[in-house]
Structure formats: C-alpha cells, structure tokens
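The structure appears right after this line, and notes come after that.
The values are calculated or read from the model by the stated rules, or taken from the named source; none is laboratory data. These figures come from a predicted structure and were not determined experimentally. Methodologically, a virtual Cβ is constructed for each residue, glycine included, from the backbone with ideal geometry; neighbour enumeration extends over all protein chains shown. Just the protein is used for accessible areas: all its heavy atoms, side chains included, with ligands, DNA and RNA removed. Shrake-Rupley method; radii C 1.70, N 1.55, O 1.52, S 1.80 Å.
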Amino acid sequence: MIRVLLADDEVMIRAGVRAILTTDPDIEVVAEAGDGREAIELTLAHRPDVALLDIRMPRLDGLAAGAEIIRAMPEAAVAILTTFGDDAYLTRALDDGARGFLLKSGNPRELIAGVHAIAAGGAYLSPKVAARVIGKLRSTGLSRATTARSRVGTLTQRERDVLALLGAGLSNAQIANQLNIVEGTVKGHVSAILTRLNLSNRVKAAVLAHEADLVTG
C-alpha cells in the first residue's frame, strides 16, 4: 500500500485529488493538510511514502514545505502538485530534491502513475510539464538541446538506455525488468550517470533525458 499525504489549501481540490488517488486500491491517503506548515507536521507524524504538495498555500508554500520535509526526512518522496506552468517552480522544486512534478489538470491516470513511480523510487514529470519545459528551452535556440545531446553522448549505450527509461519515470526495479539486468546493476548505472553528468538527483536526469530526445512515447 502506498501511503500518501495530500496538501492543498482548497478543500474541493483536495477532495478531487483524493477521489482520483483512491480509485487505485494500492493507494491510501493517510493525511490531508491545508497549508505548508500543517503539511510538514503531518508528514513527520504519519511518515507517508509520498508527500503530494500544492505550490500555493498559506503560511508556507509547497516548495518551502517540501524543502523542509526533505531536510527533516532525507528519504521522503516529495512531489509537487500544481495547475501552474511557471518553469521557475520546476527548477526550484528540483533543486530542493522533489522527485516529481504533477499537474492537477492532467490525466487522472498520469497522477496515479506518478505516485506509483515516485513511491517506487523513480522520478516523474507529467508529460505536459516535460513537454512545456523542453519546448521553452528549445524556443531559446537549439544550443540547449545540442548541449544535452553532447552531454549524454559521453555515456555508454547501456547508460543511455537507463537514462531514457529513468526519464520515462521508471524505478530501478522497472528499469532492470525492462533491460533484463539485475537491480543492483541499474543502481550502479544511475550512480555513474549522475556523477558523470554532474547531476544532483534523478529528476534532473529525467529532464536531461527529455531535453536530449532520449524519451520516446
């Protein structure tokens, strides 16, 4: 069972997201918060598998709350939930260690898939978020995409395969199954990828995978 904390200051939004999540028998919403401070308190009290945080909340916004949760619980899986498309939010959330960025207005199946991926240790970007971010980067010129392809070109073919699947939101176990290798080998590849490309976390690696056109579908 995946235990989720849901934080949003709008009661109707919380109810809607909770209704979507609980259609999956493997997901349980164990606590709900109406502001960032309450989200931190309830996360520390309930220790959920995933803390799903809205960005704009009173007392403390979701980005600051997520950063505090990660500092207090480094193993915490924090995902940002929003209707907003500001790329600065994404950058700040990733820098603070968030594992996912999900849209309230997205397909309900994407929300459930994202929670599963994040709980399994993966990184998840809503496809619309990934497309918007990469599109914005490319609108500034081709140099960014060219640089991304050049960076991933330093990886071995197997590492590129792992990076592509990481970018698609797969966990280590799922990548191992897809590539017919053991999970320990995947962990080694992920560590090598992060080190070689000077990336601080899996979600930044996922963004780079999208930017370099490694992710298909």
Solvent-accessible surface (1.4 angstrom probe) belonging to residue 116, in square angstrom, nearest 10: 60
Gap separating the Cα centres of segment 46-84 and segment 144-217, nearest whole Å: 25
Sulfur and carbon atoms: percent of accessible area, the chain [1.4 Å]: 52
Largest to smallest principal axis extent of the C-alpha atoms in segment 9-100, angstrom: 32, 27, 23
Neighbourhood net charge (14 Å Cβ-Cβ; Lys/Arg +1, Asp/Glu -1) for residue 178: 0
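Within the set of other residues whose C-beta is less than 15 Å from the C-beta of residue 49, count the net charge using Lys and Arg as +1 and Asp and Glu as -1.
Summing Lys/Arg as +1 and Asp/Glu as -1 gives -1.
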Area of residue 1 that stays accessible when all protein chains are in place (1.4 Å probe, Å², to 10): 140
Charge sum, other residues only, whose C-beta stays under 10 Å from residue 96's C-beta, Lys/Arg counted +1 and Asp/Glu -1: 0
Full-stretch length increase - residue 213, residue 187 - with 0.36 nm per residue and alpha-carbon distance subtracted: 7.1 nm
Heavy-atom surface of the chain, accessible at 1.4 Å and reported per residue (Å²): 45
Lysine pairs within the chain, Cα separation less than 21 Å, 8 or more sequence positions apart or different chains: 6
Semi-axis lengths, Å, the chain, gyration tensor of Cα atoms, sqrt of 5 times eigenvalues: 29, 19, 15
